[in-house]
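Before any comments, here is the structure.
The values are calculated or read from the model by the stated rules, or taken from the named source; none is laboratory data. Owing to the predicted nature of the structure, the values given are computational and were not obtained by experimental measurement. Here the Cβ positions follow ideal geometry from the backbone for every residue, glycine too, while neighbour counts run over all protein chains shown. Calculation scope for accessible area: heavy atoms of the full protein, side chains included, ligands and nucleic acids excluded. Shrake-Rupley method; radii C 1.70, N 1.55, O 1.52, S 1.80 Å.
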Amino acid sequence: MELKREYVNGMNEQGDFDPSSPPPFRIADIRAAIPKQCWIKNPWRSMSYVFRDVSVVFALAAAAVYCNSWLFWPIYWFAQGTMFWAVFVLGHDCGHGSFSDNAILNSVVGHILHSSILVPYHGWRISHRTHHQNHGNVEKDESWVPMPENIYKKLDISTRLLRFTVPFPLFAFPVYLWHRSPGKEGSHFNPYSNLFSPQERKLVMMSTACWSTMAIILAYVSFTVGPSHMFKLYGIPYLIFVIWLDLVTYLHHHGHEQKLPWYRGKEWSYLRGGLTTVDRDYGLFNNIHHDIGTHVIHHLFPQIPHYHLVEAILQTKAAKPVIGKFYREPKKSGAVPFHLIKNLITSLAQDHYVSNSGDIVFYQTDLNLFQLLSLAKYE
């Protein structure tokens with residue numbers, strides 16, 4: 001005899017929506033609703049964004065060198081760091097193949113863009129592919145994946161401090177590239193890391209060589225113009241870029257007002273995992289960083305170019321009506337997305353670990369964490 005399901009289309013008898021309930025649609029239904037033009041990749045249009053962003057980067061650097069004023073430097077640091085982040089997003093599109101259908105063009109442009117901001121293109125591309133293929137899976141996801149309680153409990157106080165106290169998590173990306181996340185082993189620079197298959201080792205070597213070349217160039221320029229000037233010109237914008245990257249990638253998977261599920265085993269599917277991602281509105285920065293805040297559709301269909309993402313989700317007959325309540329409307333931002341600071345702080349204070357067992361789990365809070373951290377300061 002068939003049992004009556006407690007939830008129908010994600011709703012129970014009281015009208016409450018359960019985001020962990022199986023969606024009443026298939027990923028094919030979403031795909032079919034997306035306008036055909038959204039799948040078209042235009043390499044000339046993609047390259048126009050590269051020229052735009054690179055031109056702004058060089059113009060800002062020239063202006064900083066020309067002005068060399070402490071009135072202008074703070075403006076330059078934030079603007080240039082934001083542009084580094086925009087450049088990263090374009091390289092990210094190359095990694096997904098949404099930049100163009102030409103694999104060689106994607107690789108060349110991706111290497112140039114990512115190496116310029118000290119990101120190993122193939123190393124990161126491959127781990128990011130793993131993230132997309134396993135999004136929302138506690139055991140297999142790669143980016144900002146929650147720690148099971150047993151791994152969390154093994155962390156010392158200083159590690160917990162760095163992981164859950166602002167602003168430290170906003171500088172995690174370089175550490176992640178070298179050491180990955182707690183509970184995982186490997187490096188994005190090591191071709192023999194368990195991140196990569198034997199067939200991918202030469203690709204990783206090539207990207208590590210490009211990264212090393214950029215590091216040597218930066219060291220030479222630093223020696224030529226002086227480390228202090230180089231730090232102002234490149235170092236601080238790089239740190240701003242890292243903050244952008246960690247903020248955006250964290251908030252696309254955390255910090256929603258309603259706790260969202262993570263999955264294991266038979267309960268996980270590509271569709272259910274993708275539906276746990278969160279769209280964000282970044283105000284005037286949406287266009288600057290190529291609509292990366294339109295993240296649900298990007299996660300489900302990373303082949304869609306960034307300039308079609310908004311159309312793919314928001315057009316009347318596009319994906320949004322199909323997804324229904326499983327799509328969480330982003331809070332409207334002002335010109336600057338200050339509202340996201342609250343989401344970040346609240347999430348870091350509450351989202352610490354998940355249960356060691358169970359195929360559908362939610363973040364739990366270590367109520368003693370910040371008390372322990374306070375005590376540690378006086379030891």
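Quick notes
- The length gained by stretching the chain between ALA209 and LYS331 to full extension, at 0.36 nm per residue less their Cα-Cα distance, is 39.7 nm.
- Neighbour net charge for ARG125 - beta-carbon separation under 13 angstrom, K R +1, D E -1: -2
- Subset of LYS154/LYS266; LYS184/LYS325; LYS266/LYS331; LYS140/LYS259 violating a 23 Å alpha-carbon distance limit: LYS154/LYS266; LYS184/LYS325; LYS266/LYS331
- Under Karplus coefficients 6.51, -1.76 and 1.60, residue-wise ³J(HN,Hα) of the stretch 342-355 in Hz, glycine/proline x: 5, 4, 5, 4, 4, 5, 5, 7, 10, 9, 10, 7, 10, 4
- Sulfur and carbon atoms: percent of accessible area, the chain [1.4 Å]: 63
- Computed from backbone phi, the HN-Hα couplings of the stretch 113-118 come to 5, 6, 5, 5, 10, 6 Hz, rounded to whole numbers (Karplus: 6.51 cos²θ - 1.76 cosθ + 1.60, θ = phi - 60°; Gly and Pro given as x).
- Between the stretch 110-126 and the stretch 46-77, the alpha-carbon center distance in angstrom: 21
- Only DSSP H runs of four or more residues enter the estimate; each adds -39500 (n - 2.57), and after division by the residues of the chain the mean residue ellipticity at 222 nm equals -15500 deg cm²/dmol.
- Compactness relative to 2.2 N^0.38 Å, alpha carbon Rg of the chain: 1.02
- With θ taken as phi - 60° and the Karplus curve 6.51 cos²θ - 1.76 cosθ + 1.60 applied, the whole-hertz 3J(HN,Hα) list for the stretch 75-87 is 5, 4, 4, 5, 5, 5, x, 5, 6, 4, 5, 4, 4 Hz, x standing for glycine and proline.
- Taking the chain and dividing mean pair separation by its residue count, relative contact order in percent (alpha carbons under 8 Å, at least six apart): 23
- Ligands, DNA and RNA are left out, and with a 1.4 angstrom probe the accessible area of the stretch 242-379 is 43 Å² per residue.
- Label separation (GLN303 vs ASP359): 2.9 nm, computed from points 7 Å beyond Cα along the C-beta direction.
- D by Stokes-Einstein for the stretch 131-223, Kirkwood Rh over Cα pairs, 37 °C, 0.692 mPa s: 214 µm²/s.
- Over all other residues within a Cβ to Cβ distance under 11 Å of VAL175, the charged ones net out to +1, with Lys and Arg as +1 and Asp and Glu as -1.
- Given their separation in residues at 0.36 nm each and the Cα-Cα distance between them, LYS184 and ILE75 gain 35.5 nm when the chain is fully extended.
- Reach of LYS36 by Cα under 21 Å, taken over lysines that are not fewer than 8 positions away in the same chain: LYS317, LYS320
- Chain lengthening between LYS259 and ARG26 when straightened (0.36 nm per residue, less Cα-Cα): 81.6 nm
- For the stretch 242-355, the relative contact order works out to 30 percent when only alpha carbon pairs closer than 8 Å and six or more residues apart are counted.
- Think of a 1.4 Å ball rolled over the protein heavy atoms: the stretch 104-168 then has 38 Å² of accessible area per residue.
- Nearest-0.05 FRET efficiency for VAL225 and LEU170, computed from C-beta distance (R0 41 Å): 0.90
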